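**Q** The structure follows.
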Amino acid sequence: MGRIAKRSLVAAVVAAGLTFTAGAGAQTTCEVRIGALGPMSGPAAQWGLAMLGAAELAAAEANARGGLQVGSQRCSVSVLSYDTRYTAEGAAAGVNNLASQGVRFLIGPVGSPEVTGAKPVATRHRLLMFANSYAKNAIGPQWPLVFHLGPGPSEWAPPIVRLAKEQFGMRSVAIVAPNDQGGTDIASVDAEVYRQHGITATEEYYQRGTTNFAPIVTRLLASRPDVVDTASSPPGDAGLIVRQLRQAGFTGPIGRLGGPGTEEIIRVAGGIDVVRNFYWYEVAPTEDPRVRAISDEYRRLLNREPPENTNLWLWVVGARMTLRAIERAGTATDTNRVAAALRELPVEDPNLGRGAWTGQSFFGINQELSLPFGMGMILDGRMVGVRRIDVSPQ
Amino acid sequence: MEARSPSRWGAQEWAAVAMFLAVLAVPWATDDLLVQSIVNRVLIGAMAALSVFIMLRMDLLSFATPAFMALGGYAAVLLTMHGVTEVLLIVPASFLVPALVALPLGALVLRLRGVYFVLVTFVLTEILQLVLFMTPRLTGGADGLAGFPAPTLLGTELSDARSVLALAAAMALLAAVITAALTAHFRQHFAAIEENEVLAESLGLVVWRYKAMGFVVAAGIAGMAGFSLGNMLLTVHPTSFGAQQAVDTIVYAIIGGRGSILGPIAGASLLVTVSDFLGNQGQYAQGLFGLLLILVTLVARGGIAGAVAALARRLRAPRAAAGPAAAAPEAARGGA
Amino acid sequence: MLEIRDLDVRYGGITALRGLSIDVRQGETVLLVGANGAGKSSTINAVIGLVRPARGAIRLDGRDIAAVPCERRARLGIGYSPEGRRVFPSMTVRENVLSGAFGMGRRHQRRALDWLVSVFPFLGERASQPAGQLSGGQQQLVAIARAMCSQPRLLLLDEPFLGLAPIWVRQISEAIREMQRRGTTILMAEQMARPALKLATRGYVMRGGEVRREGTVAEIRDSALAEEYL
Amino acid sequence: MHEFLTAGIIGISLGAQYALLALGFTLIFGILGVINFAHGGFYALGGYVAYAAVSQAGLPFPLAVLAAVVATAALGALYERFLIERLVDDHLATMMLTLGLYLVISTGLLAVFGPQSPEFSFPVQGTLRAGTLYLPLENLVVLAVCAAAIGALWLLIYRTDFGRALRALADDRKVATTQGMRPGLLFPLAFGLATGLAGLTGALVTPILALSPSAGDPVLVTSFLTVILGGLGSIAGAVVAAVIVGFVEAYASVYLGGSTGALILFVTVLVILLARPTGLFGREIRGA
C-alpha cells in the first residue's frame, strides 16, 4: 500500500518537475534528486557509506545556501541511495531503481564490477554518473556522461614511485594482488609505472578468498625483491601479507599503490613495528587541516558523525562539482548540458584545493576529476605522515 | 514404464506459459523503470531457476547453473562482437553452446548421484570462474566483456529499455515452453528416476538417456538466462556467475516449490522483489533466504506453489468429497 | 516370559501378521518355522521393535513393550541377531562383538569378550580384522556373538543357519547350546529347520502371517514334514 | 631448495588445519549421510565467539577457545536434534537445512559484528628461525593443538563405546539401533562434535589469518575438496587428503602461482570424483 502511495507520489513529483521546467517559471519549490549508488552493506559498505555521506553533505550545503539556482528557480537537493551489494547486477538494478524515482545524477558506484554493471544502464537512461573504479575502462569516449573521480593509478602512481625510490632506492619490486578485476587492473598499471622508473617489477596474483598467504609470500620472495607492493589487495589481505612477509624474514620496505586502509593493515599485521617501512597512496591529503575540516562541516550540517572513510573527502568534491554544473547549465534534467558545463568547470574546491581534468592520455577522454592526493609513509616503525601531492592538468 | 508418457500439458504448464505471455505486454504497459528493472531480473532469475527445476525433477541438485549461464552469455556476446547480432541466431546459440558442452560433460557427471552430483557441480562452477580469469584474451578475464553491439531483430536494433525487456520476456517464454514440453513429455520417466533410479533402470527405463536429455536442456536454458543477464547489464562479468548465484537460483527453485513448474517462477518473483525492497539493508537478503529455506524445508515441502495448490484443494474439498485422498499423491510428490 | 497377543503387522497395504499369538516361557528355545513370507521375520522384528504393530500386545515379563522404542529394548535384556549376517562391515570383529554390549561398561564388556573368545576361539584369532572381509559363516557367528555379548535374557535369532556350510552350522549350534546352558530364553526363526529342531524345545509353524500349528519338537517336525519345509 | 623446504613446512601447517575441518565434515557425512553446508559457518562462528570472549568478557585465549568449542558444539547438536533429525534420511532436505543455516549464521555475524575484520590476534607471537627457514610460533601452537585434537578424536572414535556406536550407526543404522544405540541421542552428539571441531579450528586459526563474517566460504570449499579426495565419510582418508591438499596448495602456489595452483587442485579433485567417487582412500561408499 505504502509503496503504491509512494510511487504515485514520485510520479506526481516527476510530472510536476517536468511541468515546471517546461515553462511557467512558477514560484513553488522544485527538487533535484541525486543518487548515491554503492555497497551500503556487506564487506565493502564503508565505501558506499562514504559516497552517501558525501552526497548528503553536498546536498546539505546547497540547501543551507537556500537551494540550487536552476534556471529561474531555486531547487532543494535531496539524496536517494541504493545498495549495490558490490555486484554488477545490483548496480544495474540500482540505476534503474534510482532513475525510476527521478534521479538524473549519480554519485558512485565505486568497485570495478559495479561500475561495469552500472555504466551501460546509466548510459541507456542518459544519467550523469561520477564513478570511481580503477578499471582500465572505467571511463571512455563511448560513455560521455560517465565521469571519473580520480586520479587513477596512471596519475598517482608516478609521483609516489619517484618519491619512494628517492627514499628507499629500490631496484626491484614484487607486486601482489587478487586475480580479479579490482586486483589486476591496478597491479598491471603499477608494474608499468615501476618499470618506467627503472625498477624491475614482477606481478603475482592470488585467488580471491585465499586465507593463508604463506605460499604466495614464499613465491614473492623467490625473486628476492627489494620491495613488495600489495597494490589493491583488500586491507585485511594486505595486512596478513605484511605479517607473513615479516615472519618469512623479509625486511625491505612494503608499498601499497592501491588504496586506503592503512589503519586496518597495521592492525591485522600486528602493529606498526611489524609494518616498519611502508609507503602508500592515500586518496586525499588526510593531514591537511582544510581537508579535515570537511568532517567538521559534516557534523555541523548533518548533526552526526561522518562515515569513517577518507573516500568521503574525495567524493564530496565530485558531488559539489555536479551541483555546481547543474546551476551553471541551468537544467536539472538535460544531463548532456550538465555534462558539458561540468567539463568546463575549473577544478577548485574550498577544502581540497586546486585539481585538474585529466584522463585523455589513459582513457581517451578528459573526464577524470583529478584532485590532490597524498602519499603516506612509515619509516622504521614511526608514522611519518601523509604528504600532499598536487596534480597537474593535461 | 510401458504406460505411454502422456505429453499432455497440465494446468500448471499452461499457467506458466500464460504468465510469460502476459509478461510480454509489460514493456508496453508501463514506463516505470523500477517495474521494468524488477520484471527483467525476475525473468532472468526464473529462467535460471527453471534450469535448476529440471534437474530437481530427476532428484539432482545442481550448483552448475551459473557455469552454463556463463557459457551461454559469453557465447552470445562473443558472437555480437564478431558481427553476428541477429537475435534469431544468437538466442539459439546461447542455448546450444552450453547444451553442447553439457552433452559430453553429462556422460561424465551424470553417473554420480545425490551428494556426489552436488559436489561435482559445485566444483564445476569454481573451475569455470578460474578458467574465465585465466583466459583474458577470449573472455576479458577479470574485466569481463563490455561495450558489445546491441542485438538486432531482422535489422532493427534492440537497444532501448523496452526492447531489452521484451527480448528477456520472449526468451523466458521460450524457456518456459521448452521446460514445460520436456517435463510434461517425460513426466513419468522423471518421476520414476526421482523416486528410485535403480528400480526404474531394472524396469527397463534407459535412465541415462533421459537424464542426459534433462541435463542438456537445463544447461541450454541456463545459457539463455546467461545471455539475458548479459543483455540487461550490457556486460558479461565473472562475478555474475559464481557460487553465490548458484545458491540464489537453488533458493528460488526450492522456496518457489520444486514440485511444479510454477514453483521456480513464483520463487524468483517473490525473492527478487523482496530483496529489492530491502533497499539499503540488502545484506540481510541472504539471511532472509536462509530462514525461508529452513522454513520451507520443514513445514512446506512443496514450497510456495505446493502450498498454494494445497490451499486451493482444501477450498475445493467441501464440494468434492474426496479431497484429502486426491491431495495425497500431489503432496507426496512435492515433499519427495 | 514373552507373550504375543493378537498381533497385526502391516507394511503399507500388505498384511504381514494377522492375529498372531505366541508364548515363550522362561528358559525355553522356541522355533518359528515356515516358508519365505510366512511372517517369521516380521514376528522377530516386532519383538525387537524394528516394526511397529498395527494392533496387539507384546508383553515381556508381563509388561507391554509394543510402544517402547527399538533402541530401548536392548536394555530390557533382549539380544538380537538379524537375518542376512548384518555385521558392521567397516568395524573389526572385536568391535562388532563389543557393540552388542553398548553402554554396559568396560568391565562387563571385557568379561563378556573373554567368555565369547573362549567359546569361539575364532573371534580371538580374527579380532582386529574388519568384519566385512569375513566369509558368510564367520559373519553369522560374529552377529550371534554380538547378540550374546550383552548376555540377554531373551535372545532373538533370525535365520541363524541360512545358507551356511556344515562346519559353521555346528559352531553356531554350539553357541546356542552355550546360551541354553546359561538359562537364556531363545526365540528363533528358521527356514532350514533341521539343525534348529535339534536345539528347540517347542515350535510354531507359520504360514501367511498366521500360526498354523503349535507343539513339541516332534509334533512340529511331523507337521513341517507334511508341509514340505524340510 | 629453500623454497622447497619452506613450502613443505607451510604444507604441513595448512594440512593440519584442513584435517581438523575435514574431519568434522566427513564425520557428519559418514555417520548421518548429511552434507553440512553450514560447516564454514561454524568455523566463522567459532572465531567470533572466541573474539567476543576475549574482547568483551576478557577471558584468556585458551578459555575463549573452549567457549567457542562449547558454543558451536551446542548449536550444532541442537540444530541436529530439533531440525535435521526430522528429515535426516532426505539428502536434499538436509542440504537445504544446512545451507539455510549457513546463510543465517553469516548474515547474523554480519549484523552483530559488522563487516570489518575485528582486532583479534593470537596471544603467542614470534618466529623460530633456522637459516632462511622459519616457522611462526603461532603456527606451531596451532599445529600442536590440531595434532592433539586429531589424536583425541581418533581415540574417541576408535577406542570408546561412543565412537563404536557412531561407526555402527554409520555402517547399519537399523541393526545398530537394535543393539541399543540411540540415533536420537547419538546423532546430535556426533553433529555437535563435528561442528565443535569447526568452531575449534575457527577459534584457533582466525586470529592468525583473518576473521570476517564470510570467513566460512573458503572453508566450505576446502572441506569439500578434502573429503572428496579422501573419500566421503572416511576418517583416515580425510586426514591424509587434508595433508595432500595442504601440500598441493603450498607447492602449486609457490611454483605455479595462486590461480594455477587453485585450478590444479580443482581439476584434480574433479577427476578423482569422476573416476573414483569413493575417493583415494574410501572403501565403503555410503548410499547417498
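**Q** So what are the protein assembly as shown's ellipsoid semi-axes, whole angstrom, largest first, if each one is the square root of 5 times an eigenvalue of the alpha-carbon gyration tensor?
**A** In descending order, the three semi-axes are 64, 37, 25 Å.
**Q** What's the carbon and sulfur percent of chain B's accessible surface, probe 1.4 angstrom, rounded to a whole number?
**A** Here it works out to 69 percent.
**Q** If the rule is a partner Cβ under 4.7 Å, which cysteines in the protein assembly as shown fail it?
**A** Here C:Cys70, C:Cys149, D:Cys146 come out as lacking a disulfide-compatible partner, given the Cβ-Cβ threshold of under 4.7 Å.
**Q** Here is a further query. Sorted from largest down, what three extents in whole angstroms do the Cα atoms of region A:44-193 have along their principal axes?
**A** 59, 34, 30
**Q** Right, something else. Have a look at D:Gly231, D:Phe162, D:Leu135 and report the one farthest towards the positive end of the charge dipole of region D:2-275, computed about the Cα centre with Cβ charges (Lys/Arg +1, Asp/Glu -1).
**A** Result: D:Phe162.
**Q** Once C and D are treated as a pair rather than alone, how much accessible area drops out, both sides summed, in Å² to 100, probe 1.4 Å?
**A** Summing both chains' loss of accessible area gives about 2200 Å².
**Q** At a 1.4 Å probe radius, which order do A:Lys165, B:Lys211 fall into by accessible area, largest first?
**A** Sorted descending by solvent-accessible area, the residues read A:Lys165, B:Lys211.
**Q** Distances over 36 Å make up what percent of all Cα-Cα pairs in chain A?
**A** Of all Cα-Cα pairs in chain A, 24 percent lie more than 36 Å apart.
**Q** Something else: Any idea how far apart D:Gln125 and B:Leu154 come out in nm if each label point goes 7 Å out from Cα toward Cβ?
**A** With each label placed 7 Å out from Cα toward Cβ, I get 7.4 nm.
**Q** How long is chain B along each principal axis, judged by its Cα atoms, biggest number first, in Å?
**A** That gives 60, 45, 40 Å along the principal axes, largest extent first.
**Q** Can you tell me what the convex hull of the Cα atoms of region C:2-228 projects to on average, as an area in nm²?
**A** 11.8
**Q** Which is farthest toward the positive dipole end of region D:2-275 among D:Ala198, D:Ala152, D:Ile28, measuring Cα position about the Cα centre, with Cβ charges +1 (Lys, Arg) and -1 (Asp, Glu)?
**A** Going by the Cα projections, it comes out as D:Ala152.
**Q** Rounded to a whole number of µm²/s, how large is the Stokes-Einstein D of region C:2-63 at 37 °C and 0.692 mPa s, given Rh as the Kirkwood radius over C-alpha pairs?
**A** 275
**Q** Relative to the longest principal Cα axis of chain C, at what angle does helix C:217-226 sit, 0 to 90 degrees, rounded to 10?
**A** 70
**Q** Tell me the accessible surface of A:Asp334 in square angstrom (1.4 angstrom probe, heavy atoms of protein chains only), to the nearest ten.
**A** The accessible area comes out at roughly 60 Å².
**Q** Hey, what angle do you get for helix A:311-329 against the long axis of chain A, alpha-carbon based, 0 to 90 degrees rounded to 10?
**A** 30
**Q** At a probe radius of 1.4 Å, figure out the D/B buried accessible area, summed over both chains, and give it in Å² to the nearest 100.
**A** 3600
**Q** Would you rank B:His185, A:His148 by solvent-accessible area, highest first, keeping every protein chain in place and using a 1.4 Å probe?
**A** Putting B:His185, A:His148 in descending order of accessible area: B:His185, A:His148.
**Q** Note the angle between two axes, namely the Cα long axis of helix A:181-196 and the longest principal axis of the Cα atoms of chain A, as a number of degrees from 0 to 90, rounded to the nearest 10.
**A** 60
**Q** Hey, what's chain A come to in accessible area per residue, 1.4 Å probe, Å²?
**A** In whole numbers, chain A has 35 Å² accessible per residue.
**Q** Further question: Can you grab the distance from the C-alpha centre of region A:106-173 to the C-alpha centre of region B:90-108, Å, no decimals?
**A** Taking the Cα centre of region B:90-108 as reference, the centre of region A:106-173 is 37 Å away.
**Q** Work out which residues of region B:250-271 lose at minimum 10 square angstrom of accessible surface when the other protein chains are put back, relative to the chain isolated, with a 1.4 angstrom probe, and list them by number.
**A** B:Ile250, B:Ile254, B:Arg258
**Q** Please report, as a whole percent, how much of the solvent-accessible surface of chain A comes from carbon and sulfur atoms (probe radius 1.4 Å).
**A** Of the solvent-accessible surface of chain A, carbon and sulfur hold 52 percent.
**Q** Under 5 Å between amide hydrogens, which residues at least 5 positions from A:Asp226 or on another chain qualify, with H placed 1.01 Å from N in the peptide plane?
**A** A:Arg171, A:Ser172, A:Val173
**Q** Further, regarding this structure: When all protein chains stay in place, what accessible area (Å², nearest 10, 1.4 Å probe) is found for B:Val26?
**A** So the heavy atoms of B:Val26 present about 30 Å² to solvent.
**Q** With θ taken as phi - 60° and the coefficients 6.51, -1.76 and 1.60, list the Karplus ³J(HN,Hα) couplings across region A:242-255 in order, rounded to whole Hz; mark glycine and proline as x.
**A** 4, 4, 6, 4, 5, 4, 6, x, 6, 10, x, x, 10, x
**Q** Within region D:2-275, what whole-number % of the accessible surface is contributed by carbon and sulfur, with the 1.4 Å probe and all protein chains included in the calculation?
**A** 71
**Q** Oh, and also: Please report the antiparallel percentage of DSSP beta bridges with both residues in the protein assembly as shown, rounded to the nearest 5.
**A** Around 45 percent antiparallel, to the nearest 5.
**Q** I need the helices of chain B that pass two filters: whole DSSP H segments spanning 30 Å or more by Cα along the axis, and mean Kyte-Doolittle score no lower than -0.5.
**A** Span-like helices in chain B: B:33-57, B:87-109, B:114-134, B:161-185, B:207-233.
**Q** For a bin width of 5 Å, list the pair-distance distribution of region D:2-275 built from all Cα-Cα distances, rounded to whole %.
**A** Calculated over all Cα pairs of region D:2-275, the distribution is 1, 6, 12, 17, 19, 17, 13, 8, 4, 2, 1, 0, 0 percent.
**Q** Put a dot 7 Å past each Cα toward the Cβ at C:Arg5 and A:Glu192; how far apart are the dots in nm?
**A** Taking the two extended label points, one gets 9.4 nm.
**Q** Evaluate the relative contact order of chain C (contact order divided by residue number), counting alpha-carbon pairs under 8 angstrom at least 6 apart; express in whole percent.
**A** 28 percent.
**Q** Relative contact order of region B:11-240, please, whole-number percent, based on alpha carbon pairs below 8 angstrom and at least 6 residues apart.
**A** Over region B:11-240, the number comes to 42 percent.
**Q** Roughly how many nanometres apart are two label points built 7 Å out from the Cα toward the Cβ at B:Glu195 and A:Thr251?
**A** Taking the two extended label points, one gets 7.6 nm.
**Q** So which trypsin sites (Lys or Arg not before Pro) in region B:104-187 end up in coil per DSSP with only 15 or fewer other C-beta atoms within 10 Å?
**A** Passing sites in region B:104-187 are B:Arg111.
**Q** Under a 5 Å amide H to amide H cut-off, with H placed in plane at 1.01 Å, what residues pair with A:Val384 once short-range neighbours are removed?
**A** Here the answer is A:Met377, A:Ile378, A:Leu379, since their amide H atoms fall under 5 Å of that of A:Val384.
**Q** I want to verify the translational diffusion coefficient of region B:216-323 in µm²/s; compute it with Stokes-Einstein, Rh as the Kirkwood radius over Cα pairs, at 10 °C and 1.306 mPa s.
**A** Rounded to a whole number, D works out at 102 µm²/s.
**Q** Would you work out the relative contact order for chain A, in percent, from Cα pairs under 8 angstrom that are 6 or more residues apart?
**A** 16
**Q** For A:Asp349, which sequence-distant residues (separation of 5 or more, or a different chain) have an amide H within less than 5 Å of its own amide H, given hydrogens modelled in the peptide plane?
**A** For A:Asp349, whose amide H was placed from the backbone, the distant partners under 5 Å are A:Arg354, A:Gly355.
**Q** So which residues in region D:219-263 end up with at least 40 square angstrom less accessible surface once the other protein chains are there, compared with the chain by itself, probe 1.4 angstrom?
**A** D:Phe224, D:Leu232, D:Ser253, D:Val254, D:Gly258, D:Ser259, D:Leu263
**Q** Here's a follow-up. List the residues of region A:210-242 whose accessible area drops by at least 50 Å² when all protein chains are present, compared with their chain alone, using a 1.4 Å probe and counting only protein heavy atoms.
**A** A:Thr211, A:Asn212, A:Pro215, A:Thr218, A:Arg219
**Q** Restricting to DSSP H runs of at least four residues, report the calculated mean residue ellipticity at 222 nm for chain A, -39500 (n - 2.57) per run over all residues, nearest 500 deg cm²/dmol.
**A** One gets -14500 deg cm²/dmol as the mean residue ellipticity at 222 nm.
**Q** How large is the Kirkwood hydrodynamic radius of region D:103-248, counting all unique pairs of alpha carbons, in Å?
**A** 17.8
**Q** Now for a separate question. To check my understanding: the extent here is largest minus smallest coordinate of the Cα atoms along each principal axis. What are those three numbers for region C:80-160, in Å, largest first?
**A** Rounded to whole Å, the extents work out to 30, 26, 21 Å.
**Q** While we're looking at this one, here's another question. Can you give the accessible area buried between chains A and D, summed over both chains, with a 1.4 Å probe, in Å² to the nearest 100?
**A** Chains A and D together bury approximately 2400 Å².
**Q** Mind checking the per residue accessible area of chain B for me, 1.4 Å probe, whole number of Å²?
**A** That works out to 38 Å² per residue.
**Q** State the three equivalent ellipsoid semi-axes of region A:279-366, derived from the C-alpha gyration tensor as the square roots of 5 times its eigenvalues, in descending order and whole Å.
**A** Semi-axes from the Cα gyration tensor: 25, 19, 11 Å.
**Q** To continue, here is another question. Seen from all sides and averaged, what is the projected area of the convex hull of the Cα atoms in region A:157-204, in nm²?
**A** Over every viewing direction, the Cα hull of region A:157-204 projects on average to 2.9 nm².
**Q** Compute the separation of the alpha-carbon centres of region A:242-314 and region D:34-102 and state it in Å as a whole number.
**A** Region A:242-314 and region D:34-102 have Cα centres spaced 35 Å from each other.
The values are calculated or read from the model by the stated rules, or taken from the named source; none is laboratory data. None of the values given here were measured: they were computed from a predicted structure. As a convention, Cβ positions derive from the backbone with ideal geometry for all residues, glycine included, and neighbour counts pool all protein chains shown. The accessibility values were calculated without ligands, DNA or RNA, using every heavy atom of the protein model including side chains. Shrake-Rupley method; radii C 1.70, N 1.55, O 1.52, S 1.80 Å.
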